[in-house]
1. Restricting the search to region 90-127, which residues are touching a residue at least 24 places away in the same chain (Cβ under 8 Å) and closer than 30 Å to residue 66 by Cβ?
2. How many residues does region 45-80 contain that are assigned to a helix (DSSP H, G or I), out of contact with any strand residue (DSSP E or B) (no Cβ under 9 Å at 6 or more places or on another chain) and surrounded by 15 or more Cβ atoms within 10 Å (Cβ to Cβ)?
3. Here is a check on your reading of the model: is residue 153 out of contact with any strand residue (DSSP E or B) (no Cβ under 9 Å at 6 or more places or on another chain), surrounded by fewer than 17 Cβ atoms within 10 Å (Cβ to Cβ) and not in a helix (DSSP H, G or I)?
4. Would you mind telling me which numbered condition in (1) buried (at least 19 other Cβ atoms within 10 Å of the Cβ); (2) over 13 Å from the mean Cα position of the chain (by Cα); (3) in a helix (DSSP H, G or I) residue 83 fails?
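Since every read-out is calculated from the coordinates, none of them should be taken as a lab result. Note that this is a predicted model, so its numbers are computed, not measured. Cβ sites come from the backbone with ideal geometry, for glycine too, and all protein chains shown count toward neighbours.
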């Protein structure tokens, strides 16, 4: 190995080791409180309330239980769940259209080229819509938690 290649390999290994040491999760646990705190020890969005851990799933499940006891916060959590379901639905629709368009464009006889192109490029609309709903859903979850925490007495 030449000197330049060896230095490059050493640099790459050093960068990899430095990055992996930063990826270690902590064991921080907030003191038990009726306020909702966020902890990301498992790599998923996990919250702590009254000393209990609550995970909010990919479709928003668990959000309503997290903020239960506050009607306004529960309404925001419900909107979060609805928008997460819509986001995943639109993403599935977009990926399905993208896949169907790709398959139709692979037809050797070129009978469905226009339909395939329409499906292929039209699939971007539901995918972008899915990103919008997903982004909105995370804001609604943050709003639900903030509403819940703000209404607690100090």
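1. Selection gives 90, 91, 93, 94, 95, 126, 127.
2. From region 45-80, those assigned to a helix (DSSP H, G or I) are 63-66, 71-80; that's our starting set.
Still in the running and out of contact with any strand residue (DSSP E or B) (no Cβ under 9 Å at 6 or more places or on another chain): 64, 71-80.
Among the residues that remain, those that are also surrounded by 15 or more Cβ atoms within 10 Å (Cβ to Cβ) are: 64, 73-80.
Going through region 45-80 one residue at a time, the tally reaches 9.
3. Working: out of contact with any strand residue (DSSP E or B) (no Cβ under 9 Å at 6 or more places or on another chain): yes; surrounded by fewer than 17 Cβ atoms within 10 Å (Cβ to Cβ): yes; not in a helix (DSSP H, G or I): yes.
Considered against the rule, which asks whether it is out of contact with any strand residue (DSSP E or B) (no Cβ under 9 Å at 6 or more places or on another chain), surrounded by fewer than 17 Cβ atoms within 10 Å (Cβ to Cβ) and not in a helix (DSSP H, G or I), residue 153 comes out as yes.
4. (2)
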